[in-house]
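The structure under discussion appears below in the form of structure tokens.
What follows draws every value from the coordinates through simple rules; no lab data is involved. This one's a predicted model, so the numbers in the text were calculated from it and none came from an experiment. We place every Cβ from the backbone using ideal geometry, glycine too, and count neighbours over all the protein chains shown.
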Amino acid sequence: MKRYVLALMAMLCIAAIPLAAQATPFPGLTRYTLDNGLEVFILENHAVPLARIQITFRCGAITQTPETAGLFHLYEHLLFKGNSKYKTETEFSAAMTDLGVSEWNGGTSTEYVTYYFTVPSSKLDAGIEFWSWAIREPLFDPEELAIEKDVVVNEINAELGDPDHIYNAAMDKYMFSKFPWRRDVGGFEKAIRSATPAVMRTIQNTYYIPNNAAIFISGDVNPKTVLEMVKKWFGTWKKGADPWKKPLPPHPTPAVTKPLYLVIPDDSLPQGIAYMQISYRGPDVLADPAATYAADVWGYLVDNPDGAFKNTINDKVPGLYNKDYINAYYYTQRDGGQIFFSTYFFVNQNLPMAERALKYFKPVVIDEVVKSIVSNPNYFARKEYDTVKAIMEDHDLISLENPEGFMSTLSFWWSVASTDYYFGYVPNMKKVTQKEIAAFLTKYVLNNTEIIVIRANPDDVAAEKKSLADAGFITITEENAFWWRDAK
Amino acid sequence: MKALRKIIILVAVFTLLMPVFGQAQSFYELNKGSITVKTLSNGIPVIIKKNPANKVYNLKIVLKGGVALLKPEQAGLEALTLALMTRGSEKYNYEFLKRTMYEKSSSISYSAVGYDYSTFDLNTLDKYWKELFPVFADVFMNPSMLPDMFKQVQNDLKVAAQKSTTDQYEFTVTELHKAMFAGHPYAIEAKGTVQTITALTLDDVKSFYNATIGAERLFIVAVGNFDEAALLKDLEATFGKIQKKNITIPEVPKWTPKADLMLVPFKNARGVAHVRGDYPIAPVTDKDFLVQQFANSILNELLFSIVRTDNGGCYSVWANAHGFKNSYGSLVVFKTNKPSSAKLWVDQAIKLLASGKTLNIKGKGDKYAPLTETIGAYKAKYINTFFGNQVTNAEQGSQLASSFIYFNDPYEYLRLADKINAITPEDVIRVVNKTLVNGTITWIVVSDQASLNSVNKDNFSKFTAQ
């Protein structure tokens with residue numbers, strides 16, 4: 001009890017110091033940074049009498065080693081399993097019910113771990129206090145850890161045969177072959193079984209610190225009051241050493257030294273309809289932010305359903321499934337940006353899948369279309385750039401309809417890039433011209449080396465086994481998709 | 001930016017009057033004024049909810065009937081029809097639609113996954129309304145239904161249906177309902193199967209459209225900061241011209257649960273099972289339906305505590321009450337390598353609630369506490385979840401549509417908080433005993449053959465925690 005009283009006194013002292021709000025480009029959104037480095041974002045929206053609290057950390061698969069692959073996901077689970085105030089998971093969830101929590105969950109991704117829950121706005125202070133115990137003082141009880149290991153192992157083993165999981169694992173293994181564990185959120189059974197409370201405590205002390213975290217509070221709230229609450233419960237949280245002071249060695253670009261071809265037998269596809277994809281290692285947001293703005297504008301431009309990009313590919317690559325499913329996009333990450341060109345097509349043994357991919361799809365997409373975009377300043381008309389700007393402004397309006405969605409988006413950008421990157425996102429996108437897009441495509445597509453993937457029904461793959469093998473396609477299954485099987 | 005800030009402040013003032021659990025004035029009283037009900041000259045009801053909180057406009061055309069209108073071999077026909085309608089009209093072809101929706105961040109979409117009704121939606125921003133409403137109305141009323149477009153949407157639905165067969169949990173639900181609802185309309189997959197979608201033709205779709213798009217089957221829900229008079233004028237000039245077609249929507253009969261456990265193999269299970277048990281509950285219009293839904297929300301915490309926390313028995317576990325004309329409940333153990341034990345733990349949780357106990361939410365002393373002491377907190381939590389499900393205009397539109405379908409009263413959902421507050425501990429105990437202790441539950445376990453071979457069938461043949 002004494003400990004609680006001292007902690008509360010310290011919290012109240014911190015709460016008395018005023019903090020100035022930092023400007024944001026979004027109406028209703030305020031931003032503060034506490035002295036311990038914790039970033040605080042508050043978004044007012046009074047549509048319903050609820051408040052949502054989300055707290056996010058910059059860690060996840062990105063901060064794993066081969067030995068700790070999957071442990072950030074396990075840690076995410078353990079945060080619900082008891083802390084110094086709510087000793088067990090049952091006490092923890094009972095307290096949530098007592099608070100009237102209507103929705104809660106956590107999530108681990110490649111570059112962030114996040115937790116959120118929704119409380120009646122009248123109980124926001126108690127809700128923030130509730131999370132402060134979970135975040136700052138988790139117990140890592142050995143018995144709870146043992147139980148949770150079983151739960152997590154079940155979760156990952158159940159996915160091993162899933163075609164999407166096999167595809168993702170194979171992509172990570174080959175695209176990020178030097179450090180594949182930095183992409184593998186789930187990890188593998190042996191690593192999970194090896195977890196100890198001491199390892200969890202090391203993760204906590206290294207990454208679960210205020211200067212590596214941000215709290216996002218939205219809904220029926222008053223920013224000034226909320227800030228006082230956050231200061232009260234998180235102001236005394238001790239700052240730690242910057243876990244990002246020494247940058248991670250980047251994943252190599254190109255990802256492969258020569259083109260790599262993979263085929264995945266996939267029974268989630270009906271016989272006769274298959275998927276092909278060309279992918280490249282793309283820019284990382286902190287290392288090359290200018291390229292990422294150009295990449296995102298390019299993504300909007302090629303998404304035009306009636307634009308030259310889709311029309312040319314649809315006209316020149318035979319047997320495509322449907323123009324709507326011709327896609328190209330860049331996936332933003334701080335440690336693993338990727339670029340994809342993909343489409344579905346009809347299987348036809350007179351035009352084997354390997355030939356379709358290597359003699360038609362790749363030459364048309366890369367050698368013709370991408371080269372045209374690079375060389376022709378007018379490939380995208382002025383009007384198309386203007387449309388993209390209008391779309392971005394509309395998306396801002398739409399995002400404010402749903403404060404939860406807005407804050408989740410902000411949380412994503414905060415973790416993979418930075419707040420300033422996101423706040424400057426639309427203005428910087430609006431500055432992008434053909435010149436920046438050409439530079440991005442030249443560096444990351446034309447001067448890069450591709451991985452081509454075909455996914456098709458197992459019967460279709462079997463029927464074209466020889467032509468696929470002759471063209472150099474490696475067949476990917478559960479047995480060879482996972483990096484950690486090779487590491488054994 | 002300034003204009004938007006002003007709107008937010010106005011909304012803030014408006015919503016200070018919003019309900020908070022326990023306030024004197026009810027949610028119904030505070031919100032009924034924002035909802036208007038009108039009728040077009042052809043009898044189509046129009047429900048308008050004024051929402052100045054954002055710039056989004058959501059319009060739903062709701063089609064009553066659902067799977068009751070279909071024969072088993074027609075599974076997916078309404079979905080196919082609505083999907084084809086999104087592919088344009090003679091006046092506005094598909095290329096135009098796609099380009100316009102892309103440029104204006106808007107969508108024309110459909111939902112045909114429920115048993116009792118489908119919807120056809122326009123979601124856009126206020127500034128595009130005048131331009132997009134005529135497009136939306138025309139594609140609904142005069143769809144071109146071209147053969148190449150038919151082939152495309154047929155393939156899309158076929159790919160989606162195939163995909164769902166490879167998801168172990170979706171497969172579990174499909175297999176359970178196929179057997180449990182055999183002979184009943186709810187056995188029909190609204191989204192179709194690979195076989196039924198493949199067999200349907202463009203003529204089937206055209207015939208279905210001509211036979212079933214009639215005024216008596218439709219109603220309209222609009223949520224946004226609409227000018228009500230202008231909206232009604234637009235609707236009258238378009239949807240108001242749809243004729244009645246003497247459509248009879250068949251009654252949905254009651255279904256009889258089957259007691260036999262189903263063990264269904266799934267080759268990619270890797271030793272992990274999904275367990276689900278479904279059971280009949282009161283119709284959505286009956287007071288006991290809401291009691292069941294509320295009771296299941298309490299049961300969820302007991303299930304999680306016993307099956308997952310105490311025993312590490314699964315990845316997740318939950319109880320649901322699904323509100324349809326013929327409602328059913330479900331118990332789900334998601335990703336478990338101990339399916340037989342999980343059933344025993346599920347029964348332990350049910351027994352606690354059936355005897356009037358819940359988790360002790362104060363966290364001190366005994367693990368469990370009398371329902372009489374905790375029911376207030378569970379009610380608050382339930383009502384907060386309800387608020388959380390109506391943040392966007394589309395979500396509010398869904399609430400209105402559901403209220404009108406099942407209660408013929410769009411205001412019904414506004415009464416939910418009052419109805420929850422009226423539930424007593426005795427109601428909860430009575431309903432749990434009736435459906436979960438003494439009722440018949442149809443169980444399924446889906447896993448690989450080795451795991452199925454070790455399932456103890458006796459655990460599933462009766463309630464084990466007597």
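Going by how many other Cβ atoms sit within 10 Å of their own, how do A:Asp306, B:Asp148 line up, fewest first?
Least crowded to most crowded, the residues run B:Asp148, A:Asp306.
Rounded to the nearest 500, what is the 222 nm mean residue ellipticity of chain B from helices alone, with -39500 (n - 2.57) per DSSP H run of 4+ residues and division by all residues?
-13000 deg cm²/dmol
If a/c stays under 1.5 just call it rounded; otherwise compare a/b with b/c (prolate if a/b is bigger, oblate if not). Do that for region A:162-248, with a ≥ b ≥ c from the square roots of the Cα gyration tensor eigenvalues.
Prolate, since a/c reaches 1.5 and a/b exceeds b/c.
Cross-link candidates for A:Lys316: which lysines have Cα within less than 24 Å, leaving aside residues fewer than 8 places away along the same chain?
Straight-distance partners of A:Lys316: A:Lys359, A:Lys362, A:Lys371, B:Lys98, B:Lys151.
Can you compute the charge dipole magnitude of region B:260-460 about its Cα centre, using +1 on each Lys and Arg Cβ and -1 on each Asp and Glu Cβ, nothing else charged? Give it in debye, rounded to the nearest 20.
500
So, with +1 on the Cβ of K and R and -1 on the Cβ of D and E, and no other charges, what is the size of the charge dipole of chain B about its Cα centre, to the nearest 20 debye?
Here chain B has a charge dipole of around 700 debye.
Any idea which of B:Leu84, B:Phe96, B:Leu202 is furthest toward the positive side of the dipole for region B:19-241, if Lys and Arg beta-carbons carry +1 and Asp and Glu beta-carbons -1?
The one lying farthest along the dipole's positive direction is B:Phe96.
Within 10 Å of each Cβ of B:155-162, how many other protein chain Cβ atoms are there on average?
Other-chain Cβ atoms within 10 Å of each residue's Cβ, averaged: 4.
Per 5 Å bin from zero, what fraction in whole % of the C-alpha pairs of region A:206-356 is there, up to the bin with the longest pair?
Percent of pairs per bin, in order: 2, 7, 12, 12, 12, 12, 11, 9, 7, 7, 5, 3, 1, 0, 0.
Shielding by partners for A:149-157, please: the mean number of other protein chain Cβ atoms within 10 Å of each residue's Cβ.
6
For the protein assembly as shown, take every pair of Cα atoms, bin their distances at 20 Å starting from 0, and report each bin as a whole percent.
Result, from short to long distances: 12, 43, 40, 4 percent.
Please report the projected area of region B:201-257's Cα convex hull averaged over all directions, in nm².
Over all viewing directions, region B:201-257 projects a mean Cα-hull area of 7.2 nm².
With a sphere of radius 12 Å drawn around the Cβ of A:Glu450, what net charge do the other residues whose Cβ falls strictly inside it have (Lys, Arg +1; Asp, Glu -1)?
+2
Relative to 2.2 N^0.38 Å, what does the C-alpha radius of gyration of region B:19-241 come to as a ratio? Two decimals please.
1.11
At a temperature of 25 °C and a viscosity of 0.890 mPa s, determine how fast region A:357-488 diffuses translationally according to Stokes-Einstein, using the Kirkwood radius over alpha-carbon pairs as Rh; express D in µm²/s, rounded to the nearest whole number.
For these conditions, the coefficient is 128 µm²/s.
Answer with one residue from B:Tyr406, B:Cys314, B:His184: the one whose Cα lies farthest towards the positive end of the charge dipole of chain B, charges on Cβ with Lys, Arg +1 and Asp, Glu -1.
Of the candidates, B:Cys314 comes out farthest on the positive side.
To the nearest µm²/s, what D does Stokes-Einstein give for region B:199-356 at 4 °C and 1.567 mPa s, using the Kirkwood radius over alpha carbon pairs as Rh?
65
Which percent of Cα-Cα pairs in chain B sits in each 10 Å bin, short to long?
Histogramming chain B at 10 Å steps yields 4, 18, 25, 25, 19, 8, 1, 0 percent.
Quick one, what does Rg over Rh come out to for region B:260-460 if you take C-alpha atoms and the Kirkwood Rh?
We get a ratio of 1.00 for region B:260-460.
Which value in deg cm²/dmol, rounded to the nearest 500, describes the helix-derived mean residue ellipticity at 222 nm for chain A, given -39,500 (n - 2.57) per DSSP H run of n ≥ 4 and division by the residue count?
-12000 deg cm²/dmol
Given axes a ≥ b ≥ c from the Cα gyration tensor, I'd like to know whether region A:288-434 is rounded (a/c under 1.5), prolate (a/b larger than b/c) or oblate.
Because a/c hits 1.5 or more and a/b exceeds b/c, region A:288-434 counts as prolate.
Could you work out the mean count of beta carbons from other protein chains within 10 Å of each residue's beta carbon in B:377-385?
Rounded to a whole number, the mean comes out at 6.
Working from the pairwise distances between different alpha carbons, so that the mean of 1/r is found and then inverted, what is chain A's Kirkwood radius in Å?
24.5
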